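Visitor: My questions all concern the structure below.
Nothing in this text is a laboratory measurement; each read-out follows from the coordinates by a stated rule. These numbers come from a predicted model, not from an experiment. Every residue, glycine as well, gets a Cβ built from its backbone with ideal geometry; the counts of neighbours run over all protein chains shown.
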Amino acid sequence: MCIRDREHTQKEDVAVESVEKKQRRKREWYERYRWFVSSEGHLVIGGRDARSNESIVKRHLEEGDIHVHADMTGAPQVIVKEGANASEDVLHEAGIFAVSFSKAWKMQVGGLDAYWVHPEQVTKDAPSGEFLTTGAFAIKGKKNYLKKLPLEVAIGIYKDKVMCGPITAVEKNCETNVRVVPGPRSKEDVAKRLQKMLEWDDLDEVVQALPPGTCTIVEK
């Protein structure tokens with residue numbers, strides 16, 4: 001076998017090994033949702049659409065968690081697992097996550113408020129005369145507000161998974177990370193560049209991790 005043929009065969013072997021490794025990796029339950037790991041190690045999950053918003057609250061909001069939501073419609077239901085023990089910094093991260101993955105990203109607003117509540121305050125019982133659609137919930141009692149949160153995220157690789165979330169959390173957990181903000185470029189174009197920067201083989205995983213809407217990379 002000539003050197004060229006041998007090198008070609010080796011490249012094919014590496015490609016096959018990469019595909020097999022990706023297929024073998026066990027996907028965690030939370031990967032069906034949006035997610036990140038906070039700077040203090042708390043798992044934070046958020047809905048991707050109306051159906052997953054409904055599921056995330058009904059199936060995964062438990063005693064001791066904290067529920068977070070952007071102060072607008074068209075935003076994910078967000079849960080900080082074991083959030084009752086989390087610091088204000090973690091709740092702030094969850095708030096940034098909630099606003100960054102809301103429709104405010106597409107609107108390219110400069111900042112937005114969010115709030116957090118305890119699980120028992122989240123209900124499917126609509127106020128009199130109103131109807132709650134799939135993925136929507138009502139809040140009973142006091143909302144604890146997180147004011148003027150920036151719409152900005154970072155993306156990196158966390159334990160063989162693409163993680164996108166607040167900058168402080170991604171910088172803490174991912175050795176290589178890239179900051180992304182609302183901008184003029186399509187998500188697909190930005191994802192292709194991020195794929196090279198992160199040296200990641202699965203482009204779809206990068207696309208799915210980003211907020212919905214156009215964006216741009218912030219160079220360090």
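Visitor: Counting only C-alpha contacts under 8 Å and six or more residues apart, can you give the relative contact order of the chain as a whole percent? Each step should come with its number before you reach the end.
Guide: Working: 411 pairs, mean separation 36.9, N = 220.
The value is 17 percent.
Visitor: Of E152, E28, E62, which is the most mobile in a GNM of the chain whose springs link Cα atoms less than 10 angstrom apart?
Guide: E28
Visitor: For segment 179-220, which GluC sites (Glu not before Pro) pass both filters: DSSP loop (anything but H, G, I, E, B) and at most 11 other C-beta atoms within 10 Å? Mind showing how you got there, number by number?
Guide: Numbers: sites: E188, E199, E205, E219; in loops: E199, E219.
Answer in residue order: E199, E219.
Visitor: How large is Rg over Rh for segment 119-220, taking Rg from the Cα atoms and Rh as the Kirkwood inverse mean of 1/r across Cα pairs? Present the calculation step by step, with values, prior to reporting the outcome.
Guide: On the way: Rg = 17.6 Å, Rh = 15.8 Å.
Using only Cα positions, Rg/Rh for segment 119-220 is 1.11.
Visitor: Relative contact order of segment 145-220: what whole-number percent is it, with Cα pairs under 8 angstrom and at least 6 residues apart?
Guide: Numbers: 117 pairs, mean separation 23.8, N = 76.
Here the relative contact order equals 31 percent.
Visitor: Continuing with this model, one more query. Could you work out the relative contact order of segment 107-188, using alpha carbon pairs under 8 angstrom and six or more residues apart, expressed as a whole percent?
Guide: Values: 113 pairs, mean separation 22.1, N = 82.
In percent, rounded to a whole number, it is 27.
Visitor: Next question, about the same structure. Could you give the Stokes-Einstein D for the chain in µm² per second, using the C-alpha Kirkwood radius, 25 °C, 0.890 mPa s?
Guide: Numbers: Rh = 18.4 Å.
Calculated translational D: 133 µm²/s.
Visitor: Given labels modelled 7 Å from the Cα in the Cβ direction, how far is it in nm from Q208 to E120?
Guide: Reported label-point gap for Q208 and E120 is 3.7 nm.
Visitor: Which value in nm describes the separation of the simple spin-label points at R48 and A138, placed 7 Å from the Cα toward the beta carbon?
Guide: Simple spin-label model gives 3.1 nm for this pair.
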